[in-house]
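The values are calculated or read from the model by the stated rules, or taken from the named source; none is laboratory data. All values derive from a computational prediction rather than experimental measurement. Cβ: placed from backbone, ideal geometry, glycine included. Neighbour counts: every protein chain shown. The accessibility values were calculated without ligands, DNA or RNA, using every heavy atom of the protein model including side chains. Shrake-Rupley method; radii C 1.70, N 1.55, O 1.52, S 1.80 Å.
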Amino acid sequence: MYRGGPDGEGYFIHSDIPLALGHRRLALLDLSPSGAQPMAAKDGKYQIVYNGEIYNFREIREELKRSGYSFTTHTDTEVVLAAYEEWGITCFSKFNGMFALALWDERNKQLILARDQSGIKPLYFHLSKEKGLLFASEIRAFKAIGGWTENPDWQAAFLMFGHLPEPFTTLRDVAPLEKGTVLTIEIPSLAITQTRFGKTEFSNRIFTREEALLQLREKLTGAVERHLISDAPIGLFLSGGIDSSLLTMLAQPFIGKNLKTLSITFEDATLNEEPFQKIIADRSGAHHESFLVTEKLFQEKLPDILEAMDQPSTDGINSYFISKYAHEYGLTAVLSGIGADELFGGYPSFQRSSKTNTLRKLPAFLPGLAEFASNEKIRKLAFFGYKGIIGEYLFNRGAFSPAQTAAITGRSQREIDSLVGKVRIPDINNNTAPGNRASFLETHLYMQNQLLKDADYMSMWHSLEIRVPFLDKEVVSLALSIDPSVKYKADQGKHLLIEAFKDILPESIWNRKKMGFTFPFYQWMKHIEAPALNGQYADVRNKFMSGKMHWSRYWNYLLSQNVSELEYVS
């Protein structure tokens, strides 16, 4: 885990109990040795290892000072310790930030594991009589310990979803701690209590456009200011799209002449967004750097990309390169626009939400018939065989159908169906408005299990922290409270964001076709082969090479086969 924490390492080993805490440090606040971890409370009754940032730690620190606490560092880590001492596990509901932490409570002989309410930071654990309790922020840490068996279900889950939906990981009996959750473990009995502190639900209490716009301007501006707190160099990803452009313009008054932005460019001019990046860089006065990613560089870095993937994902290559260049640019943290599309309706799934709502009411026999269709778009109707919210998600974003997944993995359809039923997703009212249903799915499945996970392990691989202001606690709470009739517009994605910031966001940025963060993957993937595979793989590759399969499904298949080496051929 040293790549994610190059600035130091530390250990706490208990003198009487078989308990050890370890930490690698990426220093962002209080860069002095006093910010090192594990960090102990003054009386030694608490020890903490912690990854993340609490953006409202200064306000909480002032509140604790009024209660008699004093502080010797400028870190948020010390504030977390004091907050726990004052409020116990209820302290986590007061935090606005991203965090995965382990806190040893000597007084109560308890180990506390906690993860932020949006699941921005990962935290995995194993608990058994044989191995005891093991936890880490990366799956590779468990592999380093050894003695694990592969989870026999991961390939099927990955083939269908294109990522590993929680609670699946590649290792048997290793699972992610649920977001917004505290796990209290009694030591040495290992008895556990799980407590939920962060629940996100639609409240629909803002019904006027005027109030929504006013609140959105206030909350997002405040979020950007909070997310810029750092004693180390910080900048922004600038793709030229709405989200990154808006964050850049909002950051400018707080950073001024020290504003730094970066982007990636390609040799293929149809994929370059340089003109739009230049518009924002010029308007904000940012020091902007563009970095060219070529096919040759992709070929050269492919082994490192595969090694950096802590868990398989059809995404993440883009995050690898932008993180690599941010680190080379001298940045320790960057702001990213993750969350804007999910909360404010930026994906095609929002435009399709009413149609999807109708399709989920199809007669039960039709999804079964769809499996026999040669047209892949019609075949996607097979996903509606899964009733409820999962079927809707897979219809929009699923990779391989249930029957295709069964054929590839050699498992029965019943086994595949059983695995889908294990996917972790919060409850949702069946009468939730179509736009909010789409938002719910994109947030709790796509963003949670793919975008945030990819962003974390690829940035950590390059000693970089990615911060996501759109997932600020106050912004999320606001988005969930705006009535869908105000929040979404059928003919314009993210229209509320655009309307709220039209005074600083040029029309040339928001009044154009959405491109996304797109690489020339189709062309590049043509040169990637897995010679160790045969039979089934030949059919998959033929479909891809003939244009009958999207590059992401081909990549999905390759990664699902656990191939140790992929060859790049000319």
12 Å beta-carbon shell around Pro426, net charge (K/R +1, D/E -1): 0
Gained length - Asn258 relative to His14, 0.36 nm times residue gap less alpha-carbon distance: 83.4 nm
Karplus 3J(HN,Hα) series, Hz, for the stretch 32-39 with 6.51 cos²θ - 1.76 cosθ + 1.60 (x for Gly, Pro): 6, x, 5, x, 5, 10, x, 10
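Work out how much length Ile378 to Asp417 would gain on full extension: take 0.36 nm times their residue separation and subtract the Cα-Cα distance, in nm to one decimal. Kindly include the intermediate steps, with their values, before the conclusion.
Working: separation 39, 0.36 × 39 = 14.04 nm, distance 1.96 nm.
Result for the pair: 12.1 nm of gain on full extension.
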Mean-position separation - Cα centroids, the stretch 362-418 and the stretch 207-225, in angstrom: 40
At most 13 other Cβ within 10 Å, DSSP loop - trypsin sites (Lys or Arg not before Pro), the stretch 327-401: Lys361, Lys387
Proximal lysines relative to Lys143, as straight alpha-carbon distance under 30 Å, when same-chain residues fewer than 8 apart are discounted: Lys109, Lys121, Lys129, Lys131, Lys179, Lys301, Lys324, Lys422, Lys453
Label-point gap, in nm, between Leu362 and Lys199 - each point 7 angstrom along Cα→Cβ: 3.4
Label-reachable residues, the stretch 328-349, where backbone N falls under 17 Å from a point 7 Å from Phe291's Cα toward its Cβ: 328-337
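Loop-only check: which trypsin sites (Lys or Arg not before Pro) in the stretch 129-206 are DSSP coil with at most 15 other Cβ within 10 angstrom? Don't jump to the answer; show the numbers that get you there.
Details: sites: Lys129, Lys131, Arg140, Lys143, Arg172, Lys179, Arg196, Lys199, Arg205; in loops: Lys129, Lys131, Arg172, Lys179, Lys199, Arg205.
In loop regions of the stretch 129-206 (DSSP not H, G, I, E or B), the sparsely surrounded trypsin sites (Lys or Arg not before Pro) are Lys129, Lys131, Arg172, Lys199, Arg205.
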Rounded, prolate or oblate (a/c below 1.5 giving rounded, otherwise prolate when a/b exceeds b/c) for the stretch 137-204 by Cα gyration tensor: oblate
Carbon/sulfur fraction of accessible area - the chain, other protein chains in place, 1.4 Å, %: 51
For the chain, size of Cβ-based charge dipole, Lys and Arg +1, Asp and Glu -1, in debye: 1400
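Can you pull out the chymotrypsin sites (Phe, Trp or Tyr not before Pro) in the stretch 40-129 that DSSP calls coil and that have at most 16 other Cβ atoms within 10 Å?
Of the chymotrypsin sites (Phe, Trp or Tyr not before Pro), the ones in loops of the stretch 40-129 whose Cβ has at most 16 other Cβ atoms within 10 Å are Phe71.
Rounded, prolate or oblate: pick one for the stretch 1-132, where a ≥ b ≥ c are the square roots of the eigenvalues of its C-alpha gyration tensor, a/c under 1.5 means rounded, and failing that, prolate if a/b is larger than b/c, else oblate. Let's see the in-between values first.
Numbers: a/c = 1.38, a/b = 1.24, b/c = 1.11.
The shape class here is rounded.
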Signed unit charges on C-beta, dipole axis of the chain, positive-most listed residue Ala370, Phe57, Leu133: Ala370
Among [x] 53; [y] 16; [z] 24, the entry derived from the coordinates for percent of Cα pairs over 40 Å apart: [z]
Given charges at Cβ of Lys, Arg, Asp, Glu: the chain dipole, positive-most of Gln413, Leu171, His287: Gln413
Separation between Cα centres of the stretch 33-82 and the stretch 520-570, rounded to whole Å: 49
Potential extension, Lys109-Lys502 segment - 0.36 nm per residue separation minus Cα distance: 136.1 nm
Mean Cβ count within 10 Å, highest first, over the residues of peptides 528-536, 240-248, 401-409: 240-248, 401-409, 528-536
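Enter the accessible area per residue of the chain (Å², integer; probe 1.4 Å; all protein chains in place). All intermediate terms of the calculation are to be shown ahead of the outcome.
Numbers: 23610 Å² over 570 residues.
Dividing the accessible area of the chain by its residue count gives 41 Å².
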Overall form of the stretch 144-261 per C-alpha gyration tensor (a/c, 1.5; a/b vs b/c): prolate
